[in-house]
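What follows is a short report on a single structure.
The values are calculated or read from the model by the stated rules, or taken from the named source; none is laboratory data. Remember, it's a predicted structure, so these values are computed and weren't measured experimentally. Glycine also receives a Cβ, built like all others from the backbone with ideal geometry; neighbour counts cover every protein chain displayed.
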Amino acid sequence: MSEASQWKPTSASLADRIDTASATSFHRLLFLILLGAVVADAMANSVLGVVLAPLAGEFQLSNTLAGALASVKFAGMALGGSVAGLVSDRLGRRPVFGASMVVWGAAALVTSVSHSLPLLIGSLFIGGFGMGAELPIAVTLLLELLPARGRGRHAAWLQAGAPASTALVAAIALVLMPVFGWRSLYAVLTVLAVGTFLIRRTVPESPRWHLARGELTKAREVLRRLSPGDSGSSTGGMQAELARPVRYRELFIRRYRRATLMTFGSWFCMMTATYGIVTWAAKILVDRGISITASLTVVLGISIAGIAGSLCGGSIDRWGRKPVIVAAALITAPCCLLYGDTSDQFSAMLAGAAMNFCGNIAAAGLYAYTPELFPTHIRAAGAGIGFGAGRCGAIIGPMVVPVMLALTTTGPVFAIFGGGFVLAAVLVALLGTETRGNLTD
């Protein structure tokens, strides 16, 4: 008898009861905690782009070496996302989620005191590993803890932490960097890591993960915490599903191959463009003669537009995942062209705001969409391989810029990034399946 056939519930399954449960204050608290963790993680990710100009000056780095330094961090993120997904499918979401904060927080402390290039490179790589590990687990946890109604909207809103973090970093940098230098921002990250590690203890393990491991009693306890007044939190009459082994190769069997290829390709294309833009947005403006303070002001304005875009990404619950992602990505492409041709602070602010608004709608949708494509026992691995692909793109994106700028102007560079959004839209349109209201199980 197969493992799948041994699970014979005599009433509605626990997964169905999670989906149909009423939203409670504890659900809202969990969302805020996970959002805070994502903001802190994304702040750690955003800092390098903000401090790249003064850091490159202190270490006397060329544009090519500065781009390579940014790619070291993204290499760590690619590895962290891929490894964390597989490990959390085996050991649980919660322990990996907490460990990731310890890793990037400790690395931020080392970065803040680094005075040699090898130490700086090592700390950025390890910090990237921790950052890459945290995000796919946070999104997976949120999707597995929330009821179906509003699940996609909240997952999309979780992505608002990324542009919000860039805005916070730019604001903090405007205050601290003129007085204390770029190292002060990494010291702030260390404090944030400690705070988020302490508050994340409130987050329970995923009840879907417990059920997939055959731990019905623990799954029942988590559901009672989530919805203490819900009669559906009783799981009487249910039998536990036997634990299913986690195998990476299952992502490539016929049933999930299409989703895996779409996830890998769309994340790679979109994040190559996104991180190429984000990493160099401020430095390109400085190279055009705009002051560091003015460039940080532009980054702050662009980031605020990105927050609005992420919040609008919540429309995936109304219009569906695929239509929103595809439309937003296609609109982002011409906005990239406009930003590449800007020559003053005001036009850079307008074009950048439009680009980041639409780009974050697409990214927010993709964040929510990816884990929904895979069943519980390989969900974090599937999400991790997508996020890891995105980080591989993030390695290439920052490195493309100095190479292209040696040959041409910023216009063609941003045209390439616009093409990345177009390719992501095509992949989702052709290979994606609509998942609104459903988690694959």
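Selection of first residues in region 341-366 that are within 30 Å of ARG436 (Cα to Cα) and of second residues that are in a helix (DSSP H, G or I) and among the basic types (Lys, Arg), restricted to Cβ pairs under 7 Å at least 6 apart or on distinct chains, gives the following pairs, ordered by first then second residue: GLY365/ARG321.
Here SER100 does not qualify as farther than 21 Å from LEU35 by Cβ, at pLDDT below 90 and of a type in the set (Ser, Thr, Tyr).
Can you confirm whether GLY85 is at pLDDT 85 or above, buried (at least 18 other Cβ atoms within 10 Å of the Cβ) and not hydrophobic (A, V, I, L, M, F, W, C)? If you could, list the steps in order and put the result at the bottom.
Details: at pLDDT 85 or above: no; buried (at least 18 other Cβ atoms within 10 Å of the Cβ): yes; not hydrophobic (A, V, I, L, M, F, W, C): yes.
Spelling it out, it is not the case that GLY85 is at pLDDT 85 or above, buried (at least 18 other Cβ atoms within 10 Å of the Cβ) and not hydrophobic (A, V, I, L, M, F, W, C).
The set of residues in region 189-226 that are assigned to a helix (DSSP H, G or I), surrounded by 19 or more Cβ atoms within 10 Å (Cβ to Cβ) and of a type in the set (A, V, I, L, M, F, W, C) comprises LEU189, LEU192, ALA193, TRP209, LEU211, ALA212, ALA219, VAL222, LEU223, LEU226. Tell me yes or no: at least one residue of region 365-385 is modelled with pLDDT under 90, crowded, with 17+ Cβ neighbours inside 10 Å and not in a helix (DSSP H, G or I). Yes - at least one qualifying residue is present in region 365-385.
Rundown of residues vs (1) crowded, with 18+ Cβ neighbours inside 10 Å; (2) closer than 18 Å to GLY411 by Cα; (3) within 22 Å of the chain's Cα centre (by Cα), yes/no style:
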site	(1), (2), (3)
ARG258	no, no, yes
GLY265	yes, no, yes
LEU285	yes, yes, no
LEU296	yes, no, no
ILE307	yes, no, yes
SER315	yes, no, yes
LYS322	yes, no, yes
ILE325	yes, no, yes
LEU337	no, yes, no
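Against the conditions (1) surrounded by fewer than 20 Cβ atoms within 10 Å (Cβ to Cβ); (2) of a type in the set (A, V, I, L, M, F, W, C); (3) under 16 Å from LEU427 (Cα atoms); (4) free of Cβ contacts under 8 Å to residues at least 40 places away in the same chain, LEU330 satisfies every one except (4). MET404 meets each of the listed conditions (1) assigned to a helix (DSSP H, G or I); (2) of a type outside the set (Asp, Glu); (3) modelled with pLDDT of 85 or more apart from (3). Answer yes if at least one residue in region 126-149 is surrounded by fewer than 22 Cβ atoms within 10 Å (Cβ to Cβ) and closer than 21 Å to GLY393 by Cβ, and no otherwise. Yes, there is a match, as at least one residue in region 126-149 is surrounded by fewer than 22 Cβ atoms within 10 Å (Cβ to Cβ) and closer than 21 Å to GLY393 by Cβ.
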